[in-house]
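Structure first, then comments.
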Amino acid sequence: MPAPALSVKDLALSSGGRQLVHPLTFSVAAGERVALLGASGSGKSLTASALAGSLPEGITAGGTITFGAGPGKGRAVLIRQDPATALNPLVPVGRQLAIPLRSAGYSRAAAKAEAARLLERAGIGDPSLFLPRYTGQLSGGQLQRVCIALALACGAPVLVADEPTTALDAVTQNTVLETLRMWSTEGRSLLFITHDLAAAASICTRALVMEAGRIVEQAPMADLLRNPCHPYTVRLVQAASGAMEPLAAARSTDGSGARSATAAAAA
């Protein structure tokens, strides 16, 4: 069996003696798209920061995070809820994309051409027009796609996307979701962190459900939609039932791994 692209064992996060995230253990295979679902305050964003090595000051971490299979260096790149915070407003988009490309050995001209290609892969039309632009000239959806292009430029095998569609309109959200789905090409892996079950079901084949700092259920996405076990997951599915009905009917059971729940289904 090949090593997973991301393996997390007993990851625990605390602050001032207060346990914020209880020991988590899970893995993501190369090329797999996994959703980490949960409400605000469940510990999703802290987990995302830990995976990307960018925990806030004052947070203590324990456990191990290992990167294995997949292209690129062993690490994850993080797309935060507000993509503007990941980009420099004083530097043109093209120059920001060129930084990791130049570090990887591209010439100046080759880096510019590759930056345009990556923007196009991320769903930006007429990418050459975007290279000289600054972040203040871009919409929220365009900024998200620039961040995805930057992730591609960094060559990381794992993308951790933390609520990347929360502030987007429906049309832009669909475009960004399609771009994230594309990430799994070439063996790259996606951990999609969200409270939006419908968005997660549209691109992910497996789901981890997080409540109060614990993973309370994990299953292939199609199984989770049909037969949620934990009471919190039941509430998530019921709340999204209108959006989930066509998705549940259309999805196949292409997620791998056995069904598991870490808590009883009875409330």
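Give the residue that is farthest from T175 (Cα to Cα), with candidates limited to residues of region 200-228 that are surrounded by 21 or more Cβ atoms within 10 Å (Cβ to Cβ) and without any contact (Cβ under 8 Å) to a residue 40 or more places away in the chain.
If we take residues in region 200-228 being surrounded by 21 or more Cβ atoms within 10 Å (Cβ to Cβ) and without any contact (Cβ under 8 Å) to a residue 40 or more places away in the chain, then P228 is farthest from T175 (Cα to Cα).
If I go through region 21-39 residue by residue, how many of them are open to solvent by less than 40 Å² (accessible area, probe 1.4 Å) and more than 14 Å from the chain's Cα centre (by Cα)?
Let us first name the residues in region 21-39 that are open to solvent by less than 40 Å² (accessible area, probe 1.4 Å), namely 21, 24, 26, 28, 31-32, 34-38.
If we keep only those that are more than 14 Å from the chain's Cα centre (by Cα) too, we end up with 21, 24, 26.
Looking only at that region, the number is 3.
Within the group A156, A122, A151, A111, which residue is surrounded by 20 or more Cβ atoms within 10 Å (Cβ to Cβ) and more than 25 Å from R181 (Cβ to Cβ)?
Details: A156 fails: more than 25 Å from R181 (Cβ to Cβ); A122 fails: more than 25 Å from R181 (Cβ to Cβ); A151 fails: more than 25 Å from R181 (Cβ to Cβ).
Within the list A156, A122, A151, A111, the selection yields A111.
Which pairs do you get when a residue that is over 22 Å from C147 (Cβ atoms), found in region 97-112, comes within reach of a residue that is open to solvent by 80 Å² or more (accessible area, probe 1.4 Å), reach meaning Cβ atoms under 8 angstrom, with the pair 6+ apart or on two chains?
Close Cβ pairs satisfying both conditions: R108/R102.
Please work out which one of (1) aliphatic (A, V, I, L, M); (2) within 19 Å of T194 (Cβ to Cβ); (3) at pLDDT 95 or above is the condition I148 fails and give its number.
(3)
Which of the residues spanning region 99-114 are in contact with a helix residue (DSSP H, G or I) (Cβ under 6 Å, 6 or more places away or on another chain), within 26 Å of L51 (Cβ to Cβ) and of a type in the set (A, V, I, L, M)?
Within region 99-114, just L101 meets the criteria.
Return a yes/no flag: does region 78-90 have any residue that is within 29 Å of T135 (Cα to Cα), over 16 Å from the mean Cα position of the chain (by Cα) and in contact (Cβ under 8 Å) with a residue 60 or more places away in the chain. Full working, then the answer.
Just the residues of region 78-90 that are within 29 Å of T135 (Cα to Cα), to begin with: 78-90.
The next check asks that each one be over 16 Å from the mean Cα position of the chain (by Cα); those that pass are 84-85, 87-90.
Going one step further and asking which of them are in contact (Cβ under 8 Å) with a residue 60 or more places away in the chain, we end up with 87.
Yes, region 78-90 has at least one match.
Assuming G31 fulfils every condition listed in (1) out of contact with any Pro (no Cβ under 6 Å at 6 or more places or on another chain); (2) more than 24 Å from R181 (Cα to Cα) apart from one, which condition is it?
Result: G31 passes all but (2).
Return yes when L180 is modelled with pLDDT of 90 or more and either closer than 30 Å to G105 by Cβ or under 14 Å from the mean Cα position of the chain (by Cα) (or both) and no when it is not. Working first, answer last.
On the way: modelled with pLDDT of 90 or more: no; either closer than 30 Å to G105 by Cβ or under 14 Å from the mean Cα position of the chain (by Cα) (or both): yes.
No.
K9 - would you say it is under 22 Å from R181 (Cα atoms), among the charged types (D, E, K, R), touching a residue at least 40 places away in the same chain (Cβ under 8 Å) and touching a Leu at 6+ places or on another chain (Cβ under 9 Å)?
Numbers: under 22 Å from R181 (Cα atoms): no; among the charged types (D, E, K, R): yes; touching a residue at least 40 places away in the same chain (Cβ under 8 Å): yes; touching a Leu at 6+ places or on another chain (Cβ under 9 Å): yes.
Taking the combined requirement at face value, the residue does not satisfy it.
Please tell me if A170 is more than 12 Å from the chain's Cα centre (by Cα), open to solvent by 20 Å² or more (accessible area, probe 1.4 Å) and either among the hydrophobic types (A, V, I, L, M, F, W, C) or at pLDDT 85 or above (or both).
Values: more than 12 Å from the chain's Cα centre (by Cα): yes; open to solvent by 20 Å² or more (accessible area, probe 1.4 Å): yes; either among the hydrophobic types (A, V, I, L, M, F, W, C) or at pLDDT 85 or above (or both): yes.
So A170 fits the description; yes.
Anything in region 128-141 that is buried (at least 22 other Cβ atoms within 10 Å of the Cβ) and either in contact with a Phe, Trp or Tyr (Cβ under 8 Å, 6 or more places away or on another chain) or of a type outside the set (A, V, I, L, M, F, W, C) (or both)? List them, or say none. I'd like the intermediate steps shown before the answer.
As a first pass, look at region 128-141 and keep what is buried (at least 22 other Cβ atoms within 10 Å of the Cβ): 130, 141.
The answer is G141, and nothing else.
The values are calculated or read from the model by the stated rules, or taken from the named source; none is laboratory data. Just so it is clear, the model here is predicted, and its values are computed rather than measured. Note: ideal-geometry Cβ built from the backbone for every residue, glycine included; neighbour counts use all protein chains shown. Accessible surface is based on the protein model in full, side chains and every heavy atom, while ligands, DNA and RNA are left aside. Shrake-Rupley method; radii C 1.70, N 1.55, O 1.52, S 1.80 Å.
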